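Bear in mind these aren't lab numbers, they're just calculated from the coordinates by the rules spelled out. These numbers come from a predicted model, not from an experiment. Quick reminder, even Gly has a Cβ in these numbers, built from the backbone with ideal geometry, and neighbours come from all protein chains shown.
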Amino acid sequence: MSTNMEKIALPCLNDHGLEAEVTTRFGRCAYFTLVTLDQGNIAEVKIVENQAANAMGGAGPMAAQLIAEEGATVVIGGHYGPNAFNALVKGKISMFGPFAGNVSALITAYKDNKLTRIAEDSTPTPGMHKGPGQGQGRGRGQGQGRGQGRRQ
């Protein structure tokens with residue numbers, strides 16, 4: 001590849017090439033659509049089945065290895081858990097996301113510098129939410145404390 005070429009991997013739900021739906025599930029996506037850009041123009045589109053999708057564990061790093069072996073230098077679309085994130089960093093693959101949509105739209109957004117680069121793992125931790133809590137209480141505490149109070 002010349003220095004003006006780059007290969008972009010997008011985790012997809014199906015194998016429909018540029019019209020494939022991109023998913024935020026990086027390690028467990030069904031397919032990767034690999035788009036090679038040559039001076040900003042699409043030179044090649046390749047679809048690769050993600051063999052890591054049904055792995056018992058370690059799907060993220062396995063998927064990262066797959067796209068690295070395919071020559072990808074950029075990945076767009078997914079949530080990247082800590083293990084996938086570290087594997088992608090080690091493979092010198094830049095991450096953008098999480099995004100959904102179709103491959104064509106995300107490639108256009110990438111070429112127009114409209115995507116957000118990921119600098120840390122981006123998989124939401126189960127049970128941990130950013131922002132206000134989901135408060136299930138109803139304000140019916142009965143004040144059963146046994147404090148002695150203040151005596152005068």
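Considering (1) without any contact (Cβ under 8 Å) to a residue 60 or more places away in the chain; (2) outside any loop (DSSP other than H, G, I, E, B); (3) not hydroxyl-bearing (S, T, Y), the lone condition that V75 does not fulfil carries the number (1). For the subset of the stretch 91-116 comprising residues that are touching a helix residue (DSSP H, G or I) at 6+ places or on another chain (Cβ under 8 Å) and in a helix (DSSP H, G or I), which member is surrounded by the fewest Cβ atoms within 10 Å (Cβ to Cβ)? The residue in question is S104. Among the residues of the stretch 31-44, those that are without any contact (Cβ under 8 Å) to a residue 40 or more places away in the chain and surrounded by fewer than 17 Cβ atoms within 10 Å (Cβ to Cβ) comprise D38, Q39, N41, A43, E44.
Return the only residue of V35, V45 being of a type outside the set (S, T, N, Q), more than 13 Å from the chain's Cα centre (by Cα) and farther than 19 Å from L88 by Cβ. Exactly one residue qualifies, and that residue is V45.
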